[in-house]
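As structure tokens, the structure follows; a few thoughts come after it.
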Amino acid sequence: MRRGWKMALSGGLRCCRRVLSWVPVLVIVLVVLWSYYAYVFELCLVIYLILYHAIFVFFTWTYWKSIFTLPQQPNQKFHLSYTDKERYENEERPEVQKQMLVDMAKKLPVYTRTGSGAVRFCDRCHLIKPDRCHHCSVCAMCVLKMDHHCPWVNNCIGFSNYKFFLQFLAYSVLYCLYIATTVFSYFIKYWRGELPSVRSKFHVLFLLFVACMFFVSLVILFGYHCWLVSRNKTTLEAFCTPVFTSGPEKNGFNLGFIKNIQQVFGDKKKFWLIPIGSSPGDGHSFPMRSMNESQNPLLANEEPWEDNEDDNQDYPEGSSSLAVETET
């Protein structure tokens, strides 16, 4: 009886958590809908409406894609078979378990390791983690090329939707900037007492305040992710250096500025501004710096980075301004 109550309570708490996780998204949606109403129907800035709606469409489109594009999980070949899982769980000697994972990993395109040199293994999903894959405790699954879990889109940002998330940040910055600059003239009129409508005064003041507030925070976040893209890093890799079979290397996936951008947006520039999938590869393996150096020996002259954190450490909540949960 007591066990049944505990299970019911646990299920209720999970349900409440799922519902509450949508609160940040609801806040953003309400703010955006109000800004649309205030700008289009209250202020009615007719000469600005065409460009405003173009920006608004791309802003909402990329936000939708960031929310509802499901995180991509490792395919079946990275999961332990039933037999291997039984052998692994029944084995009591850690060194034997470690060797079992090494033998299994030899058949897979896996080149990253934990800080101690062990094969990266998720004991909850029972799989050998592909390179750049991490377990998200919010989504309760391993996510390919995981960047962070974002509460403002209530989704895990990774290989499948990182491009959409970047576009969402870019169009958010543009949206806030456009509103702030076009509303500023009305703010001057308000300051001079030339706005007779009390309701218009409220919308002018609040629109300018909200647009400027979000613009500052979004510019910082967008600039940070632009830096990550230019170095071909994820947020998790910026906080914890990836460890390869040859040792830790901060620039392990850095292929050069242009190729780094193409790793996220693809090699067709006509798709860079449109929220459609164009990232190369399948998210399970990625070109590495060592391979690029073999083709361009000049890259080998760059100074190595020094770092040696454990890949399996828990990251603190809020490791970026939008990150709340990471790999275990």
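Under 19 Å from a label point set 7 Å out along the Cα-to-Cβ vector of LYS189, the amide N atoms of segment 22-43 belong to 35-43. Here is the list for segment 112-173: trypsin sites (Lys or Arg not before Pro) lying in DSSP coil, each with at most 14 other C-beta atoms within 10 angstrom of its C-beta, are ARG124. Database remark: amide H of PHE244 closer than 5 angstrom to the amide H of ARG113, GLU249 (H placed geometrically; neighbours at sequence offset of 5 or more, or on other chains; Pro and chain starts carry no H). If only the Cβ of Lys and Arg carry +1 and only the Cβ of Asp and Glu carry -1, the dipole of segment 76-129 around its Cα centre is close to 340 debye.
Applying both filters, DSSP loop and at most 16 other Cβ atoms within 10 Å, to the chymotrypsin sites (Phe, Trp or Tyr not before Pro) of segment 205-281 gives TRP272. Within the same chain, lysines fewer than 8 places from LYS233 are excluded, and of the rest, those with a Cα less than 20 Å from its Cα are LYS129, LYS145, LYS163, LYS250, LYS259.
Tell me whether segment 76-129 comes out rounded, prolate or oblate; compute the Cα gyration tensor, take square roots of the eigenvalues as a ≥ b ≥ c, and use a/c under 1.5 as the rounded threshold. Note, shape of segment 76-129 comes out oblate.
Straight Cα distances below 16 angstrom link LYS189 to the lysines LYS201, with same-chain residues fewer than 8 positions distant left out. Once C-alpha pairs closer than 8 Å and six or more residues apart are averaged by separation and normalised to the residue number of segment 127-218, the relative contact order reads 20 percent.
Each value in this text was obtained by applying a stated rule to the coordinates, not by laboratory testing. Because the structure is predicted, anything quoted here is derived from the model rather than measured. Glycine also receives a Cβ, built like all others from the backbone with ideal geometry; neighbour counts cover every protein chain displayed.
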